[in-house]
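Reading through the structure tokens given below for one structure.
The values are calculated or read from the model by the stated rules, or taken from the named source; none is laboratory data. This structure is a prediction, so every number in the text was calculated from the model and none was measured. Cβ placement follows ideal geometry from the backbone for every residue including glycine, while neighbour counts extend to all protein chains displayed. Only protein heavy atoms, including side chains, enter the accessible area calculation; ligands, DNA and RNA are left aside. Shrake-Rupley method; radii C 1.70, N 1.55, O 1.52, S 1.80 Å.
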Amino acid sequence: MKKVVKFGGSSLASAEQFKKVGEIIRADKERKFAVPSAPGKRFDGDTKVTDMLYACYDLAESGKDFKEQLKAIRERYQEIIDGLALKISLDDEFKTIEKQFKDKAGKDYAASRGEYLNGIIMAAYLGFEFVDAAGVVRFDENGDFDAGTTNELMQARLNALDAAVIPGFYGAYADGSVKTFSRGGSDITGSIVARAIKADVYENWTDVSGFLVADPRIIDNPETIETITYRELRELAYMGAGVLHEDAIFPVRSEGIPINIRNTNAPQDEGTWIVESTCQKPKYVITGIAGKKGFCSVNIEKDSMNSEIGFGRKVLQAFEENGISFEHVPSGIDTMTVFAHQDDFMHKEQKVVSGIHRLADPDSIDIEADLALIAVVGRGMKSTRGTAGRIFSALAHVNVNVKMIDQGSSELNIIIGVANADFEVAIKAIYDIFVLYQL
């Protein structure tokens with residue numbers, strides 16, 4: 001087996017954290033390809049190295065003296081090197097960084113140095129080969145990730161190595177100038193490496209033991225999701241759950257490589273498995289709950305609307321003309337409701353209303369603001385009767401009025417609309433009925 005291991009900033013914030021990472025990698029001989037992030041916060045109130053680099057470069061870009069800021073960054077790395085008792089020096093690297101900052105090499109270059117330097121340290125600590133991501137991760141002339149070229153470069157470089165460290169977060173254009181990923185960061189690099197070496201598993205190590213069924217800011221100590229499919233993950237991520245970005249999943253999804261989210265501080269925990277599909281029965285009927293506040297609904301009424309060909313298209317055209325995307329469109333015989341982000345809609349609401357009247361000639365339009373949408377997601381719902389009924393019952397029990405319900409034909413998720421003020425209460429009620437009372 002071959003495993004790719006990616007470690008987040010909190011896992012590499014200090015020498016002590018580095019030692020934990022070293023123990024994890026050495027505990028499994030199949031963990032031969034590692035992807036590090038830049039050092040994160042060591043404690044509350046600390047600053048991430050990436051943020052320190054941004055601040056340092058801002059001074060350089062504006063022509064101000066930045067030596068003290070660069071010295072502080074250097075000291076962060078030296079602290080890790082000394083704590084690991086390594087006999088390496090980053091003097092030449094920092095001389096190059098100082099020169100590049102003076103030459104205004106760009107913010108992408110500045111931000112990437114956090115991962116780059118951490119990669120050098122990790123490679124020395126593990127005894128692995130260091131592979132600069134700038135040589136194997138390619139962006140095209142438009143700044144878009146070039147998956148095909150990257151896979152060819154990565155395969156050619158890594159297939160000749162038994163073990164390697166590849167820094168996350170950045171790559172380069174064909175001319176060698178550094179470019180960072182706009183979203184997903186080091187998670188994407190780990191996924192790219194896993195695809196290139198055709199890994200059996202992509203382990204993503206962070207500071208939590210996998211994904212949680214619900215937001216811990218709303219639910220005290222929520223249960224961990226044991227296994228989640230890509231489709232379930234996408235639904236939860238879309239509704240605001242703190243999970244991997246879609247860009248970080250696609251490279252391994254296309255190859256059927258499972259992702260295992262693990263906790264550096266609790267390596268004994270199994271974490272969460274992200275898979276394409278599974279016959280394993282989920283622990284609960286639902287896999288997860290996620291949601292967002294800040295929506296509004298536009299309710300359009302017209303007699304016999306359902307028999308008028310093109311009515312829905314005309315209504316949505318009014319939103320399109322004003323550059324507003326919609327979230328959900330539940331409808332009835334004489335009514336159609338469009339949910340949109342309130343911040344996007346409120347400044348153009350009258351233009352949209354007049355547009356709907358002009359295009360669709362409705363009988364009336366009513367707008368309701370300050371709404372929240374909650375997604376209840378789970379592959380187990382398809383084979384379980386009465387799921388929607390249990391949700392309604394739980395919400396009624398805590399006096400939450402349901403503004404909207406929308407269920408796709410896949411029966412993978414149910415979207416519920418409630419007032420912003422009822423958001424937290426609704427999530428607690430749903431969690432309790434499906435998880436807490438099932439323990």
* How would Ser297, Ser304 line up by accessible area, probe 1.4 Å, largest first? -> Ser304, Ser297
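Sequence gap at least 6, Cα distance under 8 Å: using those rules, report the relative contact order of the range 199-264 to the nearest whole percent.
Values: 70 pairs, mean separation 37.7, N = 66.
Relative contact order comes out at 57 percent.
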* Tensor-based shape of the range 257-339 (alpha-carbon gyration tensor, a/c under 1.5 rounded, otherwise prolate or oblate) -> prolate
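Can you give the calculated 222 nm mean residue ellipticity of the chain, where each DSSP H run of n ≥ 4 adds -39,500 (n - 2.57) and the sum is split over every residue, rounded to the nearest 500 deg cm²/dmol? Intermediate results must be reported in sequence, preceding the final value.
Values: 14 runs with 165 residues, N = 439.
Result for the chain, helices only: -11500 deg cm²/dmol.
Taking every pair of alpha-carbon atoms in the range 124-213, give the share separated by more than 15 Å as a whole percent.
On the way: 2413 of 4005 pairs.
Every Cα pair in the range 124-213 considered, those over 15 Å come to 60 percent.
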* Solvent-accessible surface (1.4 angstrom probe) belonging to His328, in square angstrom, nearest 10 -> 30
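Ordering Cys56, Cys279 from largest to smallest accessible area (1.4 angstrom probe), what's the sequence? Write down the numbers at each step before the final one.
Numbers: Cys56 0, Cys279 135 Å².
So, going from the largest accessible area down, we get Cys279, Cys56.
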* To do: Can you pull the one-decimal nm distance between simple spin-label points at Ser254 and Glu368, each 7 Å off the Cα toward Cβ?
  => 4.3
* To do: Kindly list the residues of the range 79-106 that lie in the label zone of Asp65, defined by a backbone N under 12 Å from the point 7 Å along the Cα-to-C-beta vector.
  => none
* Asked: Can you give the Rg to Rh ratio of the range 188-315, both from alpha-carbon atoms, with Rh computed by the Kirkwood formula?
  -> 1.13
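Give me the percent relative contact order of the range 12-140, please, defined on Cα pairs under 8 angstrom at least 6 residues apart. Before the final figure, lay out the partial values.
Numbers: 113 pairs, mean separation 39.9, N = 129.
Computed over the range 12-140, the figure is 31 percent.
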* Asked: How many Å² of accessible area per residue for the chain, probe 1.4 Å?
  -> 47
* GluC sites (Glu not before Pro), restricted to the range 115-218: which are DSSP loop and have at most 16 other Cβ atoms within 10 Å? -> Glu141
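Kirkwood Rh over Cα pairs of the range 347-388 into Stokes-Einstein at 25 °C, 0.890 mPa s: D in µm²/s? Can you show the working numbers first?
On the way: Rh = 14.1 Å.
Using the Kirkwood radius from Cα pairs, D works out to 174 µm²/s.
Can you work out the FRET efficiency for the pair Ile405 and Asp200, with r the C-beta to C-beta distance and R0 = 41 Å, to the nearest 0.05? Before the final figure, lay out the partial values.
Details: r = 41 Å, r/R0 = 1.00.
Calculated transfer efficiency: 0.50.
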* Structure fact -> For the chain, the accessible surface attributable to carbon and sulfur atoms (probe 1.4 angstrom, ligands and nucleic acids excluded) amounts in percent to 45
* To do: Give, as ranges by residue number, the residues of the range 203-223 whose backbone N falls under 14 Å from the point 7 Å along Cα→Cβ of Asp46.
  => 207
* To do: Output the relative contact order of the range 256-337, whole-number percent, from Cα pairs under 8 angstrom with separation of 6+ residues.
  => 25
* Enumerate the lysines that Lys107 could reach by cross-link, defined here as Cα to Cα under 20 Å, with residues fewer than 8 away along the same chain left out. => Lys48, Lys64, Lys67, Lys71, Lys95, Lys99, Lys179
* Report Rg (one decimal) and Dmax (nearest whole number) for the range 95-155, counting Cα atoms only, units Å. => 13.6, 37
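I want the local charge near Pro216. Using Cβ-Cβ distances under 14 Å, sum +1 for each Lys or Arg and -1 for each Asp or Glu among the other residues.
Values: positive: Arg217, Lys428; negative: Asp207, Asp215, Asp220, Glu223, Glu424.
Around Pro216, the surrounding residues sum to -3.
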* Using all C-alpha to C-alpha distances in the range 42-134, build P(r) with 10 Å bins and read off the rounded percent in each one. => 15, 49, 30, 5
* Which value, in Å to one decimal place, does the Kirkwood hydrodynamic radius take for the range 22-92 when every pair of different Cα atoms is included? -> 14.5
* Given the options Leu373, Leu90, Leu53, which has the most mean-square fluctuation in a GNM of the chain, springs set between C-alpha atoms less than 10 angstrom apart? -> Leu90
* Hey, got a sec? Which trypsin sites (Lys or Arg not before Pro) in the range 207-236 land in a DSSP loop and have at most 12 other Cβ atoms within 10 Å? -> Arg217
* Structure fact -> Taking the alpha-carbon centre of each part, the distance from the range 38-60 to the range 163-196 in Å is 20
* Check the straight Cα-Cα distances from Lys314 and name the lysines below 28 Å, setting aside those fewer than 8 residues away within the same chain. => Lys292, Lys293, Lys302, Lys348, Lys351, Lys403
